[in-house]
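As structure tokens, the structure follows; a few thoughts come after it.
The values are calculated or read from the model by the stated rules, or taken from the named source; none is laboratory data. Treat the numbers as computed from the prediction; the structure is a model and nothing was measured. FYI the Cβ positions are ideal-geometry reconstructions off the backbone, even for glycines, and counts take in every protein chain you see. For the accessible areas, the whole protein counts, side chains as well, though only heavy atoms, and no ligand, DNA or RNA atoms are used. Shrake-Rupley method; radii C 1.70, N 1.55, O 1.52, S 1.80 Å.
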Amino acid sequence: MTLTGGRPGTTAPAGAPAGPVRRDRSARLWKLLTLPGLAWLAVFFVLPLYLVLAIVFGRADPLFRTPIPVWNPLQWDATVFLEVLGQTFTPGGLFGAALVRTIVYVLTASTLCVLIAFPIAYYVARLAGRRRGLLLALLIAPFWISYMMRMLAWVNLLSHDGLVNRVISLNGLLDVQPNWLSGNAPVVVLGLVYGYVPYMIVPLYAGLDRLPQPLLEAARDLGATRASAFWRVTLPMCRPTIVAGVLLTCLPMLGDYFTNDLLSASPSTSMVGNLINTTVLTPGQSGAAGAYVTIVFVIALVPMLYYLRSVSREDVART
């Protein structure tokens with residue numbers, strides 16, 4: 001008699017499929033269940049991306065300056081795209097300066113988000129105890145408030161007669177009135193941190209909450225101090241989670257334009273998103289806007305590929 005692929009010790013009735021056959025059927029079932037998601041990605045990601053490329057390498061109407069997509073890749077014209085590349089990688093290029101500024105802002109804000117979010121997520125996941133539910137509710141609360149309202153709160157705090165200036169000037173006793181909302185890069189970076197740090201805390205909490213407690217206890221039993229166990233066990237195991245949190249924050253930051261518009265509105269702090277938004281609203285510049293989007297998309301692929309590689313390495317190490 002043969003054993004089934006189910007519970008150990010049971011015998012397979014006559015004519016019953018073997019274990020590999022059942023696994024093959026299960027694999028086919030899961031592949032079928034992925035079809036709706038693949039169709040969604042094809043309709044709402046692949047097709048819009050191809051439309052952007054058709055506009056970038058297409059042409060503009062000579063009279064109305066509206067974009068005319070060219071769907072056949074063999075007929076694409078790379079003139080506009082090459083001009084944008086020239087503005088990006090040549091000294092003094094408009095888009096190149098905005099791109100470098102955006103990368104610096106995003107890296108700085110993402111680093112601050114990690115430094116702020118990791119201790120909070122670690123405390124809630126490992127040390128909060130009975131207060132975990134309340135703290136989780138407080139962590140999720142910012143998602144109930146729109147991003148615009150949270151940025152407008154910063155505008156009220158940092159305005160000329162806002163709370164920050166009143167505190168600095170001792171409610172008018174000192175003649176100190178800094179203009180925070182006019183071309184200050186630190187204000188834009190702090191605004192990005194304030195707006196996106198909840199997106200860092202939640203995945204970090206989920207990753208820290210799933211850490212196997214026996215491994216942490218084994219490190220302590222082998223003589224490791226709390227600090228040594230954290231650096232040599234906890235932090236390496238959290239690396240994929242940290243990378244995922246960084247992706248969830250830095251990718252939307254790359255296209256953010258609303259934060260700079262509200263907290264600075266100055267060309268000296270303009271980001272890639274501001275340049276794309278201005279170009280889209282300019283007649284006849286849809287191709288250039290699409291080229292900017294394409295360049296940002298290619299840059300965003302780098303951390304995404306690194307995340308996929310780190311996750312695949314973790315899977316191989318576990319197997």
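Take the residues in the range 84-111 that are part of a helix (DSSP H, G or I), of a type outside the set (Val, Ile, Thr) and open to solvent by 60 Å² or more (accessible area, probe 1.4 Å), then tell me which one is modelled with the lowest pLDDT.
94
If you take the residues of the range 112-152 that are in contact with a Ser or Thr (Cβ under 9 Å, 6 or more places away or on another chain) and under 30 Å from residue 285 (Cα atoms), which of them is surrounded by the fewest Cβ atoms within 10 Å (Cβ to Cβ)?
147
Select from the range 49-63 the residues that are open to solvent by less than 60 Å² (accessible area, probe 1.4 Å) and free of Cβ contacts under 8 Å to residues at least 24 places away in the same chain and write down the one among them that is nearest to the chain's Cα centre (by Cα).
That would be 54.
For the subset of the range 7-24 comprising residues that are under 43 Å from the mean Cα position of the chain (by Cα) and surrounded by 11 or more Cβ atoms within 10 Å (Cβ to Cβ), which member is modelled with the highest pLDDT?
Across the range 7-24, the extreme among qualifying residues is 24.
When only residues in the range 263-289 that are in contact (Cβ under 8 Å) with a residue 40 or more places away in the chain, over 17 Å from residue 186 (Cα atoms) and out of contact with any helix residue (DSSP H, G or I) (no Cβ under 7 Å at 6 or more places or on another chain) count, which is surrounded by the fewest Cβ atoms within 10 Å (Cβ to Cβ)?
Once the filter is applied, the top-ranked residue is 283.
Are any of the residues in the range 64-77 at pLDDT 90 or above, loosely packed, with under 10 Cβ neighbours inside 10 Å and either within 25 Å of the chain's Cα centre (by Cα) or aliphatic (A, V, I, L, M) (or both)?
Looking through the range 64-77, at least one residue is at pLDDT 90 or above, loosely packed, with under 10 Cβ neighbours inside 10 Å and either within 25 Å of the chain's Cα centre (by Cα) or aliphatic (A, V, I, L, M) (or both).
Which one of the conditions (1) among the hydroxyl-bearing types (Ser, Thr, Tyr); (2) open to solvent by 30 Å² or more (accessible area, probe 1.4 Å); (3) touching a residue at least 24 places away in the same chain (Cβ under 8 Å) does residue 196 fail to meet, given that it meets all the rest?
Residue 196 satisfies all of (1) among the hydroxyl-bearing types (Ser, Thr, Tyr); (2) open to solvent by 30 Å² or more (accessible area, probe 1.4 Å); (3) touching a residue at least 24 places away in the same chain (Cβ under 8 Å) except (2).
Please verify whether residue 248 is farther than 17 Å from residue 269 by Cα, under 29 Å from the mean Cα position of the chain (by Cα) and not in a helix (DSSP H, G or I), treating the condition exactly as stated.
no
Is it fair to say residue 159 is free of Cβ contacts under 8 Å to residues at least 24 places away in the same chain and more than 23 Å from residue 260 (Cα to Cα)?
no
Let me confirm something: among 215, 208, 170, which residue is assigned to a helix (DSSP H, G or I) and surrounded by fewer than 17 Cβ atoms within 10 Å (Cβ to Cβ)?
215
Go through (1) out of contact with any Cys (no Cβ under 9 Å at 6 or more places or on another chain); (2) touching a residue at least 12 places away in the same chain (Cβ under 8 Å); (3) under 30 Å from residue 299 (Cα atoms); (4) open to solvent by 70 Å² or more (accessible area, probe 1.4 Å) one by one and return the number of the condition residue 180 breaks.
(3)
Is it the case that some residue within the range 74-90 is of a type in the set (Phe, Trp, Tyr) and within 19 Å of residue 299 (Cβ to Cβ)?
Yes; the residues of the range 74-90 include at least one that is of a type in the set (Phe, Trp, Tyr) and within 19 Å of residue 299 (Cβ to Cβ).
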